[in-house]
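Below: one structure, written as structure tokens.
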Amino acid sequence: MKKLILLTAFALIGLSASAQQEENDYLPDGILTLEWRFNPFDYEGKPKRMAEFNARMFLDAKDVIRLGIGFGFDRDKDEKNSNKDTRAADAKNYDVDRTSTTTINKETTLKIALGYEYHFANTGRLDFYVGAEAGYLGRFYNATKETSINTTNVTTSGSTTSTATVNEWTNYDYKKSNADRTKFNENGITASIFTGIDFYVYKKLYIGAELGITFNTGKKANGTYTKEDGRIASSNGTQTDNWTEKFSSETGATLRIDNLTKTYRTTVNDYAVDNSGKFTKLYIEPAIRIGWMF
């Protein structure tokens, strides 16, 4: 009986030690980790494609140094079309109008930050921390907007049919800004304070979430654009208009080329408004994370 009690006691001690050892396997003590972070929202609350890769060095179970590199790219395309065709009402006298506008906005984001984490509580699988980081954040924009208007007018008088066609277009090419000229290239510093939690799924694999308050300040660039207008018109197959105008907001000059008269004319207009300057932003930044220990 005594032997059975002793064997049972040793077994319980062994199980307890094994369980404790298993829990300790999840403790991130002196381990390098690599993780992928995803920020589902930007500071304006709109969906954003932003991914960040972090390297974390655990100096001990509580003190962690981390280095993050983030890259984001967003492309938004908007197409609008309208058509008008009156041939069904009168096959001899009708108008056909087709208008299309395509706007493409592109945004690229680059972030590099160095930070510190203090892990104040660890339950084995759960690891809670707070921290701060600072670094560089840049946002870069460009866009295009193309509008095309094609018009055909047919009129019939007796046995005579007249056809007039007009093809007009306006194309914009934006540098360092979006098509609405509400966002301009930004270069500045970013600093955050944050809190987060890691859940160790199995030994070296963990998932986590983080919530931070971020301060961002820096300089905003002056975005420029070029604009091209054009018109080709004909009546009964004979061209009556064929010209283009190209305007640059950087130089303030407009170059008009008339392909019918073979003439060129340059005029200087007012320069575009200077949108450069400084900016300061404060926003809440969430992050979803998954990582692996080495």
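Express the accessible area of the chain per residue in Å², computed with a 1.4 Å probe while the remaining protein chains stay in the model. Can you show the working numbers first?
Working: 17410 Å² over 294 residues.
I get 59 Å² per residue for this part.
Principal-axis analysis of the Cα atoms of the chain puts helix 2-24 at an angle of about 30° to the longest axis.
Loop-resident chymotrypsin sites (Phe, Trp or Tyr not before Pro) (DSSP state other than H, G, I, E or B) in segment 220-290 with no more than 15 further Cβ atoms inside 10 Å of their Cβ: Tyr271.
For the chain, the share of accessible area belonging to carbon and sulfur comes to 59 percent (1.4 Å probe, ligands and nucleic acids excluded). Build a GNM of the chain with springs between Cα atoms under 10 Å apart, and of Ser157, Ser148, Ser177 the one that fluctuates most is Ser157.
Over 25 Å between Cα atoms: which of Lys77/Lys262; Lys80/Lys175; Lys111/Lys204 fall into that group? Intermediate results must be reported in sequence, preceding the final value.
On the way: Lys77/Lys262 37 Å; Lys80/Lys175 23 Å; Lys111/Lys204 27 Å.
Flagged as over cut-off: Lys77/Lys262; Lys111/Lys204.
Give the shape of segment 111-206 as rounded, prolate or oblate, defined through the alpha-carbon gyration tensor: a ≥ b ≥ c are the square roots of its eigenvalues, a/c under 1.5 means rounded, and otherwise the shape is prolate if a/b is larger than b/c and oblate if not. Prolate shape, in that a/c is at least 1.5 and a/b is the bigger ratio. Applying the Kirkwood pairwise sum to the alpha-carbon positions of the chain produces a hydrodynamic radius of 24.9 angstrom. What whole number of Å gives the distance from the Cα centroid of segment 82-144 to the Cα centroid of segment 247-294? First find each Cα centre; the distance between them is then 17 Å.
Can you give the calculated 222 nm mean residue ellipticity of the chain, where each DSSP H run of n ≥ 4 adds -39,500 (n - 2.57) and the sum is split over every residue, rounded to the nearest 500 deg cm²/dmol?
Values: 1 runs with 23 residues, N = 294.
Helix-only estimate at 222 nm: -2500 deg cm²/dmol.
With a ≥ b ≥ c taken as the square roots of the eigenvalues of the C-alpha gyration tensor of segment 174-258, please select rounded if a/c is under 1.5 and otherwise prolate if a/b is larger than b/c or oblate if it is not? Prolate shape, in that a/c is at least 1.5 and a/b is the bigger ratio.
Largest GNM mean-square fluctuation across Asn275, Asn81, Asn236, computed for the chain with C-alpha springs under 10 Å, falls on Asn236. Rounded to 0.05, the FRET efficiency of the Tyr136 and Thr102 pair, given R0 = 35 Å and the Cβ-Cβ distance, is 0.55.
The values are calculated or read from the model by the stated rules, or taken from the named source; none is laboratory data. Please read these numbers as outputs of a predicted model, since none were measured by experiment. Every residue, glycine among them, receives a Cβ derived from its backbone with ideal geometry; neighbour counts consider all protein chains shown. Just the protein is used for accessible areas: all its heavy atoms, side chains included, with ligands, DNA and RNA removed. Shrake-Rupley method; radii C 1.70, N 1.55, O 1.52, S 1.80 Å.
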